[in-house]
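Report on one structure; see the data block that follows.
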Amino acid sequence: MGHAVDIETRHPHQREAAERLEAGYPHGTYDVVIDAAGSASGLAKCAELARPGGRVVLLGVYPETVPIPSIVSLVKELTFVHAIAYGRHDGIRETEEAAAMLADNPDIAKSVITHRFPLRDASEAFRTAGDRASGAIKVVLHP
(Lines give C-alpha, C1' and ligand atoms only; values in the text may rest on other atoms or scores of the structure.)
Protein backbone atom coordinates (compact mmCIF):
# COMPACT_ATOMS: atom_id res chain seq x y z
CA MET A 1 0.00 0.00 0.00
CA GLY A 2 2.90 2.32 0.60
CA HIS A 3 3.73 2.55 -3.10
CA ALA A 4 0.30 2.82 -4.72
CA VAL A 5 1.33 5.35 -7.35
CA ASP A 6 4.67 3.68 -8.04
CA ILE A 7 3.01 0.31 -8.59
CA GLU A 8 0.99 1.65 -11.49
CA THR A 9 3.76 3.62 -13.19
CA ARG A 10 7.13 2.17 -12.22
CA HIS A 11 6.47 -1.34 -10.94
CA PRO A 12 4.00 -3.05 -13.27
CA HIS A 13 5.03 -6.49 -11.92
CA GLN A 14 3.63 -5.53 -8.52
CA ARG A 15 0.39 -4.26 -10.09
CA GLU A 16 0.06 -7.48 -12.11
CA ALA A 17 0.50 -9.57 -8.93
CA ALA A 18 -2.13 -7.46 -7.16
CA GLU A 19 -4.56 -8.00 -10.05
CA ARG A 20 -3.94 -11.79 -10.02
CA LEU A 21 -4.78 -11.80 -6.32
CA GLU A 22 -7.82 -9.57 -6.91
CA ALA A 23 -6.41 -6.95 -4.55
CA GLY A 24 -8.06 -3.56 -4.70
CA TYR A 25 -6.25 -0.40 -5.70
CA PRO A 26 -5.97 2.27 -2.99
CA HIS A 27 -8.40 5.14 -3.44
CA GLY A 28 -9.74 7.70 -1.02
CA THR A 29 -8.52 7.75 2.56
CA TYR A 30 -8.45 5.08 5.24
CA ASP A 31 -8.83 4.82 9.02
CA VAL A 32 -5.72 2.62 9.23
CA VAL A 33 -2.86 2.37 6.74
CA ILE A 34 -0.05 -0.17 7.16
CA ASP A 35 3.49 0.74 6.17
CA ALA A 36 5.10 -2.59 5.29
CA ALA A 37 7.76 -1.11 3.01
CA GLY A 38 9.99 0.62 5.54
CA SER A 39 10.90 3.45 3.15
CA ALA A 40 10.53 7.23 3.33
CA SER A 41 8.46 7.34 0.14
CA GLY A 42 6.24 4.50 1.37
CA LEU A 43 5.63 6.22 4.70
CA ALA A 44 4.80 9.49 2.93
CA LYS A 45 2.23 7.66 0.78
CA CYS A 46 0.73 6.03 3.89
CA ALA A 47 0.31 9.46 5.51
CA GLU A 48 -1.34 10.70 2.31
CA LEU A 49 -3.78 7.76 2.29
CA ALA A 50 -4.70 8.08 5.99
CA ARG A 51 -7.85 10.07 6.85
CA PRO A 52 -7.62 13.02 9.25
CA GLY A 53 -7.24 11.53 12.74
CA GLY A 54 -6.20 8.21 11.16
CA ARG A 55 -3.54 5.76 12.19
CA VAL A 56 -0.40 4.62 10.37
CA VAL A 57 0.93 1.27 11.55
CA LEU A 58 4.70 0.93 11.17
CA LEU A 59 5.32 -2.68 10.26
CA GLY A 60 8.23 -1.88 7.92
CA VAL A 61 11.69 -1.85 9.47
CA TYR A 62 13.74 1.34 9.33
CA PRO A 63 17.50 1.03 9.81
CA GLU A 64 17.72 4.60 11.15
CA THR A 65 15.23 7.20 12.36
CA VAL A 66 11.66 6.81 11.07
CA PRO A 67 11.10 9.62 8.51
CA ILE A 68 7.61 10.76 9.59
CA PRO A 69 6.27 13.31 7.07
CA SER A 70 5.78 16.29 9.37
CA ILE A 71 3.35 18.67 7.63
CA VAL A 72 0.74 16.13 6.49
CA SER A 73 1.00 14.32 9.83
CA LEU A 74 0.50 17.54 11.75
CA VAL A 75 -2.40 18.80 9.60
CA LYS A 76 -4.19 15.44 9.71
CA GLU A 77 -3.29 14.78 13.36
CA LEU A 78 -2.16 11.26 12.48
CA THR A 79 -1.13 8.63 15.02
CA PHE A 80 1.89 6.46 14.22
CA VAL A 81 2.00 3.05 15.93
CA HIS A 82 4.89 0.61 15.90
CA ALA A 83 3.80 -3.00 15.47
CA ILE A 84 5.57 -6.23 16.22
CA ALA A 85 5.71 -8.39 13.13
CA TYR A 86 4.87 -11.65 14.89
CA GLY A 87 2.07 -11.35 17.40
CA ARG A 88 -0.77 -13.54 18.65
CA HIS A 89 -4.52 -13.23 18.26
CA ASP A 90 -6.84 -15.39 20.35
CA GLY A 91 -3.88 -17.61 21.24
CA ILE A 92 -2.89 -18.25 17.60
CA ARG A 93 0.46 -17.01 16.31
CA GLU A 94 0.30 -14.76 13.24
CA THR A 95 2.85 -16.98 11.52
CA GLU A 96 0.45 -19.92 11.86
CA GLU A 97 -2.39 -17.81 10.42
CA ALA A 98 -0.16 -16.73 7.52
CA ALA A 99 0.92 -20.32 6.82
CA ALA A 100 -2.72 -21.45 6.78
CA MET A 101 -3.66 -18.59 4.46
CA LEU A 102 -0.84 -19.55 2.06
CA ALA A 103 -1.85 -23.21 2.18
CA ASP A 104 -5.48 -22.30 1.42
CA ASN A 105 -4.52 -20.06 -1.51
CA PRO A 106 -1.28 -21.13 -3.26
CA ASP A 107 -1.77 -18.34 -5.81
CA ILE A 108 -0.58 -15.85 -3.19
CA ALA A 109 2.93 -17.31 -3.10
CA LYS A 110 2.96 -17.88 -6.87
CA SER A 111 2.09 -14.22 -7.39
CA VAL A 112 4.46 -12.56 -4.94
CA ILE A 113 7.54 -14.84 -5.03
CA THR A 114 9.22 -13.58 -8.17
CA HIS A 115 12.74 -14.94 -7.66
CA ARG A 116 14.27 -18.05 -6.10
CA PHE A 117 17.96 -18.66 -5.40
CA PRO A 118 19.98 -21.49 -3.88
CA LEU A 119 21.66 -20.55 -0.60
CA ARG A 120 25.09 -20.44 -2.25
CA ASP A 121 23.82 -17.45 -4.33
CA ALA A 122 22.64 -15.47 -1.30
CA SER A 123 24.60 -12.34 -2.27
CA GLU A 124 22.89 -12.29 -5.68
CA ALA A 125 19.51 -12.87 -4.03
CA PHE A 126 20.00 -9.87 -1.73
CA ARG A 127 21.19 -7.73 -4.64
CA THR A 128 18.08 -8.68 -6.62
CA ALA A 129 15.78 -8.02 -3.66
CA GLY A 130 17.27 -4.56 -3.21
CA ASP A 131 17.04 -3.59 -6.88
CA ARG A 132 13.57 -2.27 -7.73
CA ALA A 133 14.33 -2.53 -11.43
CA SER A 134 14.82 -6.32 -11.10
CA GLY A 135 11.09 -6.92 -10.94
CA ALA A 136 11.42 -8.54 -7.52
CA ILE A 137 8.51 -8.60 -5.12
CA LYS A 138 9.68 -11.37 -2.78
CA VAL A 139 12.94 -13.27 -3.12
CA VAL A 140 13.34 -16.75 -1.59
CA LEU A 141 16.55 -18.56 -0.64
CA HIS A 142 16.47 -22.36 -0.72
CA PRO A 143 18.90 -24.35 1.47
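The values are calculated or read from the model by the stated rules, or taken from the named source; none is laboratory data. A quick note: this is a predicted structure, and the numbers were derived from the prediction, not measured. No Cβ is skipped: glycine too gets one built from the backbone with ideal geometry, and neighbour counts run over all protein chains shown. The accessibility values were calculated without ligands, DNA or RNA, using every heavy atom of the protein model including side chains. Shrake-Rupley method; radii C 1.70, N 1.55, O 1.52, S 1.80 Å.
In table form, for the structure just shown:
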item: Length added when fully stretched, residue 61-residue 105, from 0.36 nm per residue minus Cα-Cα; result: 13.2 nm
item: Where labels lie 7 Å past Cα in the beta-carbon direction, separation of residue 90 and residue 31 in nm; result: 1.8 nm
item: Partners for residue 110 among lysines (Cα-Cα distance below 30 Å; same-chain residues under 8 apart left out); result: 45, 138
item: Euclidean distance of C-alpha centroids, the stretch 20-38 and the stretch 45-108, integer Å; result: 10 Å
item: Among 93-99, 30-36, the order from most to least packed when residues are scored by Cβ within 10 Å on average; result: 30-36, 93-99
item: In Å², nearest 10: area of residue 71 left accessible to a 1.4 Å probe; result: 120 Å²
item: Gained length - residue 142 relative to residue 39, 0.36 nm times residue gap less alpha-carbon distance; result: 34.4 nm
item: GluC sites (Glu not before Pro) lying in DSSP loop within the stretch 39-88, provided at most 13 other Cβ fall within 10 Å; result: 64, 77
item: 1.4 Å probe accessible area per residue over the stretch 38-92, in Å²; result: 63 Å²
item: Computed over the chain, the ratio Rg/Rh where both radii use C-alpha atoms and Rh is Kirkwood; result: 0.98
item: Estimated inter-spin distance, residue 21 and residue 48, nm [label 7 Å along Cα→Cβ]; result: 2.1 nm
